[in-house]
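Student: Dropping a structure here in structure tokens format, bear with me for questions.
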Amino acid sequence: VSALPGKLEFRDPVRGAALAEALAIRARSLGRAPVSVMHVCGSHEQAIARFGLRAAFPAELDVIMGPGCPVCVTDVPEVDEAVALARQGVRIATYGDMLRVPGTAGSLADARARGARVDVVYGVAQAAELARSGEQVVFFASGFETTAVATAAVLLADPPPSFSVLSAHKYIPPVMEIVAEMPGSKIEGFLAAGHAATITGWGVFERFVARHRVPVVVAGFEPLDILAGLVRLVELIAAGEPKVDNAFPRCVTRDGNLAAQARLWQVFELQGGRWRGIAHVPNGNLRLRDEFAAWDARKRFQIDVAALCDHAPAALVAQCQCGDIMAGIASPHDCALFGRECTPDAPVGACMVSSEGTCKIWHQYGGHPDLRQIRRRA
Amino acid sequence: MNDRRHIEERITLKYGAGGGAMRALIEQIFAPGFGEVAGGVGLAAMDDGAALPIGPDRWLVITTDAHVVQPAVFPGGDIGRLAVCGTVNDLAMMGATEPLALTCAAILEDGFPRSELEQIWASIRAACGEAGTTIVTGDTKVMRRGELDRIALTTTGVALTSRVVTDRGLAPGDRILVTGTMGDHGLAILATRGELALETQLVSDVAPLNGLVRRALAAGGDGVVAMKDPTRGGLASALHEMAGKSGVGIVLDERAVPVRDEVRAAGELLGIDPLLVANEGKAVIGVRAAAADRVLDALRSHPLGRQAAVVGECVAERPGSVIADTGFGRRLLGEAEGELLPRIC
């Protein structure tokens, strides 16, 4: 038994307080406020909310959550493909987070309630196991390059013929370009996701830094990782010399995991495609190469998405601000639906579905309420 | 709590998850027409049980629980032990620590193995022995195959008490205690289910708490002002309910909440917070500040309370909210919404 979270090295609040102070001093010394930085990872936002870190960030620093939740950026037509397949009677296996993402005519959870077979799995290997019975099983695959590597590994390990993949996998580096180039973007630095960089290596961001002249710091997911990463990022902003810095050296190298990269690119290729609420992202989608057509659900099945379109999209969706929220332009409290028509029970936008979605996280953890003022008597 | 959320046309799993949806279901569908009990605690209070006044300073406490668990036998217990402990504990949470007797109704699916039934009834006998109670009547039904998932048990318990403790007696300044580690039962069950393919040493904490609570009440007297067992929905739901009904905010010192390392690890792996999952052998106790040390010492002197800890304090601000202090900052502690689903990564 240990107290939470003090015993773990990277959750030590004493060192956290020291880092928070260092961050405040450096942010103040920039002499202008607020300075905006963006992280592009749902796991970062999850940790920030989970540990109440926003309370430790200085007012001079605005830490914005970018399009870093793979579930949230899964586009409506991709969800529609999965729902259509499920309604056609094909068994679908997917991650729990994907179940409630609304498409044009409901979510996979809705399809399941009407009798479709939808299984929640913890990983792609489990989905492939389901197909060993000989029944057709389609794995609706979401996630960034980290998760895509797992999908690739299964496809390279002689999966059963009745198994196939409906890929909604996405690739993070191109969307950082989109955000950096957005008109009026005030992002002065990026905090990059440590787990993705474990695969790609931090070198993958060098071209981005050279082109956009903003620093990138790769950071891990424990509270001290995030604080240390932000300290480094503000230092780089102050120095005015944009570069990539690795604040997660216990896991990330410059070149990354070459074996994993080889498998990733052996199975997947880059394609342009829409990210929900964001934009068309050139090279933003990971799609199966032709050599893997036998396991590509889009090539194996006639997916009748048109049949779904009889159901008009709910009017509420038009008011959904997930896109602006993911682009860091708006916050959940700017959305009229947040916490009213749109709740984790009955989500309108995908950001309210995933545990990595900004709206879900704000709904669960209370966003930014100022809880510091509440005093105990003792 | 007055949860006015809309009840949908179909009752789905979330209405049984122990959170706000379930409270709304009870308030809007089950409770209307069954009002208060004068001088006692009725259905409208939505407490762990009811208290019917039967004389000066004398109440009959009654509670009932239906039990379904998949799998029926799990590390640390089985559905039989769960049924006895759940009912004994609900009585204890009302301040009634001497259960007179229990009833037990069993519904079985056609083809249920006799050996497993005998094993379950052996553990019912053992748990009754530990709690100092007995089964005095029951009922048996067998359903056709497919009409039931193997076995369901319903237990009702009665006890007499000279003092009723509700779940709504908190005031600003009161301390919140837990009697031990959080999340053991819920994560043990989740880890046991085949689909996670997780091998762990996790063991359910299912145990009768009446002896432990008796000791706390003896030490704290009137200083013990509220009790609840953090079953479905875990510590988060128990604290929300206590805060809402009492009209206080609760500041939870998250670092003080005891959680086993293996439970924490399994929770991180599955993306499930141990504070949101069920406990079956733990209590949350609200005490006046002056009584906190006495009650804590009493709890720790009992084998089931060795890991007891003071984990929070009640405040006047933000009534109904639970504010978790992480050591880095503060956040609101949310309740579980619907099924607990694994995260993608």
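The values are calculated or read from the model by the stated rules, or taken from the named source; none is laboratory data. Keep in mind that this is a model prediction, so the values were computed, not measured. Here Cβ is always computed from backbone atoms with ideal geometry, including for glycine, and neighbour counts include all displayed protein chains. Ligands, DNA and RNA are excluded from the accessible area calculation, which covers all protein heavy atoms including side chains. Shrake-Rupley method; radii C 1.70, N 1.55, O 1.52, S 1.80 Å.
Student: I'd like to know which of A:327, A:38, A:284 lies farthest towards the positive end of the charge dipole of chain A, counting +1 on Cβ of Lys and Arg and -1 on Cβ of Asp and Glu.
Tutor: Sorting the options by dipole projection puts first A:38.
Student: Ok, one more. Placing unit charges on C-beta atoms (Lys and Arg positive, Asp and Glu negative, everything else neutral), compute the dipole magnitude of chain B about its Cα centre in debye, rounded to 20.
Tutor: 360 debye
Student: Hey, if we sort B:59, A:362 by accessible area with the 1.4 Å probe, largest down, what's the order?
Tutor: Details: B:59 50, A:362 25 Å².
So, going from the largest accessible area down, we get B:59, A:362.
Student: Nearest 20 debye, what's the magnitude of the dipole of the protein assembly as shown about its Cα centre given +1 on Lys and Arg Cβ and -1 on Asp and Glu Cβ?
Tutor: Using only the charged Cβ atoms, the result is roughly 860 debye.
Student: Also: Quick check: the distance between the Cα centres of segment B:261-291 and segment A:250-300, to the nearest angstrom?
Tutor: 40 Å
Student: Step through the table entries A:243/A:299; B:14/B:228; A:360/B:228; A:170/A:243; A:170/B:282; B:141/B:245, compare each Cα-Cα distance with 32 Å, and write down the pairs that go over it.
Tutor: Check vs 32 Å cut-off fails for A:243/A:299; A:170/B:282; B:141/B:245.
Student: Still on this structure, please answer the following. Sort out the exposed loop GluC sites (Glu not before Pro) in chain B (DSSP loop, at most 16 other Cβ within 10 Å) and tell me the longest stretch that has none.
Tutor: After excluding every exposed loop site, the longest remaining stretch is B:200-316.
Student: Between the helical axis of A:13-29 and the dominant principal axis of chain A, each derived from Cα atoms, what acute angle in degrees is found, rounded to the nearest 10?
Tutor: Around 70 degrees separate the two axes.
Student: A follow-up question, please. Testing the spin-label approximation: label points 7 Å from Cα along Cα→Cβ at residue B:142 and residue B:306. State their distance in nm.
Tutor: Once both label points are built, they end up 4.4 nm from each other.
Student: Pull out the extension gain between residue A:207 and residue A:329, defined as 0.36 nm times the separation in residues minus the alpha carbon to alpha carbon distance; nm, one decimal.
Tutor: 41.4 nm
Student: Rounded if a/c is under 1.5, else prolate if a/b is larger than b/c, else oblate: which is segment B:247-345, with a ≥ b ≥ c the root eigenvalues of its Cα gyration tensor?
Tutor: Numbers: a/c = 2.08, a/b = 1.28, b/c = 1.63.
Verdict is oblate for segment B:247-345.
Student: While we're here: List the residues, sorted by chain then number, that are 5 or more residues from residue B:315 or on another chain and whose placed amide H is less than 5 Å from its amide H.
Tutor: The answer is B:173, B:249, B:250, B:251.
Student: If I take all pairs of Cα atoms in the protein assembly as shown, what percentage of them are more than 44 Å from each other?
Tutor: So the portion of pairs separated by more than 44 Å is 28 percent.
Student: If you don't mind, there's one more thing I want to ask. Across the Cα atoms of chain A, what radius of gyration and what greatest pairwise Cα-Cα distance (Dmax) are found, in Å?
Tutor: 21.1, 68
Student: Rounded to the nearest 10 Å², what accessible area does residue B:87 show when all protein chains are kept and the probe is 1.4 Å?
Tutor: 0 Å²
Student: Let me ask another. Can you compute the helix-only [θ] at 222 nm over chain A? Use -39500 (n - 2.57) per DSSP H run of at least 4 residues, normalise by all residues, nearest 500 deg cm²/dmol.
Tutor: -10000 deg cm²/dmol
Student: Let me ask another. Where in chain B lies the longest segment free of trypsin sites (Lys or Arg not before Pro) that are both loop residues by DSSP (not H, G, I, E, B) and have at most 15 other Cβ atoms within 10 Å?
Tutor: B:11-143
Student: Using the Cα centre of segment A:94-156 as origin and beta-carbon charges of +1 (Lys, Arg) and -1 (Asp, Glu), tell me which of A:126, A:155, A:107 is placed farthest towards the positive end of the dipole.
Tutor: A:107
Student: Right, next: Given the protein assembly as shown, what percent of its DSSP beta bridges are antiparallel, to the nearest 5?
Tutor: Antiparallel bridges: around 55 percent, rounded to the nearest 5.
Student: Using a 1.4 angstrom probe with every protein chain in place, what is the largest-first accessible-area order of A:138, B:68? Can you show the working numbers first?
Tutor: On the way: A:138 0, B:68 110 Å².
These residues rank, largest area first, as B:68, A:138.
Student: Which distance in Å, rounded to a whole number, links the C-alpha centroids of segment A:43-100 and segment A:179-212?
Tutor: 19 Å
Student: Hey, got the dipole for chain A? About the Cα centre, +1 on K and R Cβ, -1 on D and E Cβ, debye to the nearest 20?
Tutor: The dipole of chain A has a size of about 780 debye.
Student: If you plug each phi of segment B:6-12 into the Karplus form 6.51 cos²θ - 1.76 cosθ + 1.60 with θ = phi - 60°, what whole-Hz ³J(HN,Hα) values come out, in order, with x for Gly and Pro?
Tutor: 6, 8, 6, 5, 10, 7, 9
Student: Using a simple spin-label model with points 7 Å from Cα along the Cα→Cβ vector, what separation in nm is obtained for residue A:113 and residue B:64?
Tutor: Those two pseudo-labels are separated by 2.9 nm.
Student: Let me ask you something else. Which far-off residues, 5 or more places away or on another chain, put their amide H under 5 Å from the one on residue B:324, with H placed in the peptide plane?
Tutor: Under 5 Å from the amide H of residue B:324 lie the amide H atoms of B:252, B:331, B:332, B:333, each far enough along the sequence or on another chain.
Student: Further, regarding this structure: If you average the sequence gap of Cα pairs under 8 Å that are 6 or more apart and divide by the length of segment A:88-184, what percent do you get for the contact order?
Tutor: It rounds to 27 percent for segment A:88-184.
Student: What per residue convex hull volume, in Å³, do the alpha-carbon atoms of segment B:117-185 yield? Intermediate values should be presented prior to the final figure.
Tutor: On the way: hull volume 14.1 nm³, N = 69.
Dividing the Cα hull volume of segment B:117-185 by its residue count gives 204 Å³.
Student: Same structure, new question: Taking the Cα atoms only, what angle lies between the long axis of helix A:223-239 and the longest principal axis of chain A, rounded to 10 degrees?
Tutor: Its long axis makes an angle of about 70 degrees.
Student: In Å², rounded to the nearest 100, what is the total accessible surface buried by chains A and B against each other with a 1.4 Å probe?
Tutor: 4200 Å²
Student: For segment B:108-224, what is the relative contact order in percent, using Cα pairs closer than 8 Å and at least 6 residues apart in sequence?
Tutor: Rounded, it is 27 percent for segment B:108-224.
Student: Given C-alpha coordinates of segment A:1-121, what is the ratio Rg to Rh with the Kirkwood estimate of Rh?
Tutor: 1.18
Student: Would you mind checking the tilt of helix A:76-87 against the longest principal axis of the Cα atoms of chain A, expressed as 0 to 90 degrees and rounded to 10?
Tutor: Taking Cα atoms only, the helix is inclined about 40 degrees.
Student: A further question follows. State the answer as a single residue: which of B:70, B:53, B:11 lies farthest towards the positive end of the charge dipole of segment B:1-99, with beta carbon charges of +1 for Lys and Arg and -1 for Asp and Glu, about the Cα centre.
Tutor: B:11
Student: Restricting attention to segment A:1-100, which trypsin sites (Lys or Arg not before Pro) occupy a DSSP loop and are surrounded by at most 16 other Cβ atoms within 10 Å?
Tutor: Here the trypsin sites (Lys or Arg not before Pro) that fit, given the DSSP loop and packing criteria, are A:7, A:32.
Student: How far is it, in nm, from the label point at residue A:28 to the one at residue A:316 when both lie 7 Å from their Cα along the line to the Cβ?
Tutor: 4.5 nm
Student: Continuing with the same structure: On a 1.4 Å probe surface of the protein chains, which of A:280, B:185 comes out largest in accessible area, and what is the full order?
Tutor: On the way: A:280 100, B:185 15 Å².
Output order, biggest surface exposure first: A:280, B:185.
Student: Another one. On the full set of protein chains, 1.4 Å probe, figure out the accessible area of residue B:121 and give it in Å² to the nearest 10.
Tutor: Its accessible surface works out to 70 Å², give or take rounding.
Student: Taking loop as defined by DSSP and a crowding limit of 15 other beta carbons within 10 Å, which trypsin sites (Lys or Arg not before Pro) in segment A:205-281 fit? Walk me through the numbers on the way to the answer.
Tutor: Details: sites: A:207, A:211, A:213, A:232, A:243, A:250, A:254, A:263, A:274, A:276; in loops: A:213, A:243, A:250, A:254, A:276.
Taking segment A:205-281 and a limit of 15 other Cβ atoms within 10 Å, the loop trypsin sites (Lys or Arg not before Pro) found are A:213, A:243, A:250, A:254.
Student: Please turn the phi angles of segment A:175-180 into ³J(HN,Hα) values with the Karplus equation 6.51 cos²θ - 1.76 cosθ + 1.60 (θ = phi - 60°), one per residue in order, whole Hz, x for glycine and proline.
Tutor: Calculated HN-Hα couplings, in order: 6, 5, 4, 4, 5, 5 Hz.
Student: Which whole-number percent is the relative contact order of chain A (Cα, under 8 Å, 6+ apart)?
Tutor: Result for chain A is 21 percent.
Student: Can you list the residues, at least 5 places off or on another chain, whose amide H is less than 5 Å from the amide H of residue A:36, using H built in the peptide plane?
Tutor: Sorted by chain and number, the residues that satisfy this are A:62, A:188.
Student: Show me the three semi-axes of the equivalent ellipsoid for chain B, from the C-alpha gyration tensor (sqrt of 5 times each eigenvalue), largest first, rounded to whole Å. Please report the intermediate quantities before stating the final value.
Tutor: Details: eigenvalues 161, 124, 88 Å².
Listed largest to smallest, the semi-axes of chain B are 28, 25, 21 Å.
Student: Would you tell me the accessible area of residue A:122, worked out with a 1.4 angstrom probe on the heavy atoms of the protein chains, in Å² to the nearest 10?
Tutor: Its heavy atoms expose roughly 70 Å² to the probe.
Student: Cα gyration tensor of segment B:1-45, axes a ≥ b ≥ c as square roots of the eigenvalues: rounded (a/c below 1.5), prolate (a/b > b/c) or oblate?
Tutor: prolate
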